[in-house]
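Engineer: Structure provided below as structure tokens; questions to follow.
Please treat every number below as a calculation from the coordinates, not as lab data. Remember, predicted model here, so these are calculated numbers, not experimental data. When we count neighbours, we look across all protein chains shown, and the Cβ atoms used for this are built from the backbone with ideal geometry, even at glycine.
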Amino acid sequence: MSRSAERKDDFAVPHLLSFVTNREGNMVSIHMNLDGLTCLLEKLTSLKTLVENGQCEDAHLFTSDSIGSELSSTKLKSVPAEHNVVQHVKLYGWTDEWAFAHGLIQKD
């Protein structure tokens, strides 16, 4: 089975998890139902465990328009400020040491 086919089967249960930006891209709205919230929490919990063990890792969420099934391709029709549906969300889990060394956080 291909990696993209495996991804599409990861979250076969229909759920709502969509990230939408405004036209400028400086505001993100996240729409979730319970299954979508569970999907996001599973990804974040997995990253948290890796970082707690000193590992830096990333995770991806894709729409079915792309290579995955984690994200929905929907937005609120009644809110014109919601403009762009995000097709790919990349989550990074960094240790404080890594984040400091690469200028993402400041040490006290």
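Engineer: Once you have a ≥ b ≥ c as the square roots of the Cα gyration tensor eigenvalues for the chain, tell me rounded if a/c is under 1.5, and otherwise prolate or oblate according to whether a/b is larger than b/c. Display every interim value, and only then the final one.
Structural biologist: On the way: a/c = 2.20, a/b = 1.31, b/c = 1.68.
Oblate, since a/c reaches 1.5 and b/c is not below a/b.
Engineer: If I stretch the segment between GLU52 and HIS83 completely, what's the gain in nm (0.36 nm per residue apart, minus their alpha carbon distance), one decimal? Let's see the in-between values first.
Structural biologist: On the way: separation 31, 0.36 × 31 = 11.16 nm, distance 3.61 nm.
Stretched out fully, the GLU52 to HIS83 stretch lengthens by 7.6 nm.
Engineer: Where the only charges are on Cβ atoms (+1 Lys, Arg; -1 Asp, Glu), what is the dipole of the chain about its Cα centre, to the nearest 20 debye?
Structural biologist: 380 debye
Engineer: Given R₀ = 25 Å, FRET efficiency for ASP65-LEU104 by Cβ-Cβ distance, to 0.05? Please report the intermediate quantities before stating the final value.
Structural biologist: Working: r = 30 Å, r/R0 = 1.21.
Calculated transfer efficiency: 0.25.
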